[in-house]
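The structure appears below as structure tokens.
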Amino acid sequence: MSIRRISALYAMLVGATMIGMWGAVLLSGNVPDLETNPLEIRYHLAAEFLTALALVASGIGLWRGRRWAARGLTVALGMLLYTVINSAGYYADLGEATMVGFFTGLTVLTVVLLWTSLARPALFDVPGSHSPPSATEPGTELRRDAPHESDPDSLDRSI
């Protein structure tokens, strides 16, 4: 399985899990911060849900071979990196070593995929996404009077 497919599955799984986990916690009414720190938790929840939606969308996009999805994944993984580090710290304060280990593992996986998406973006490319533009696409035609690298005689080499 390609790194693109693995990343798509990871993004969809983590994003869907975030939505499910927060949905269950909210429905259970087990969010005391809604009473004690309502603004802070609402902003936190907005960040969590935006991260989850970005992960799911980019994961689906990668799986379906959409050109935008590789860049979307990089953004979503950056968002996730902050979230998993923050979550590890939250559970460390509570003394819950198992959860700290879980979020540390997610941090490592996220760093590996994020680093790979930045260092080796070609691994995330959709096959055929770098085909030359069609001559009928607006703005893709070459101007005959302008120098172009495909014509070495037209380039000014005096600089």
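Descriptive notes on the structure:
- In the range 27-64, the residues that are crowded, with 19+ Cβ neighbours inside 10 Å and of a type in the set (Gly, Ala, Ser): 52, 54, 57, 58, 59, 61
- Residues located in the range 104-124, provided they are touching a helix residue (DSSP H, G or I) at 6+ places or on another chain (Cβ under 6 Å), at pLDDT below 95 and farther than 15 Å from residue 10 by Cα: 123
- Considering residues of the range 1-48 that are under 30 Å from residue 67 (Cα atoms) and among the basic types (Lys, Arg) only, the residue farthest from the chain's Cα centre (by Cα): 5
- Flag if residue 67 is within 16 Å of the chain's Cα centre (by Cα), in contact (Cβ under 8 Å) with a residue 40 or more places away in the chain and surrounded by fewer than 18 Cβ atoms within 10 Å (Cβ to Cβ): yes
- Selected residue (criterion: nearest to residue 83 (Cα to Cα)) from residues of the range 1-37 that are of a type in the set (S, T, N, Q) and out of contact with any helix residue (DSSP H, G or I) (no Cβ under 7 Å at 6 or more places or on another chain): 17
The values are calculated or read from the model by the stated rules, or taken from the named source; none is laboratory data. For clarity, every value in this text was computed on a predicted model and none was experimentally measured. Positions of Cβ are generated from backbone atoms using ideal geometry, with glycine treated the same way; all protein chains shown enter the neighbour counts.
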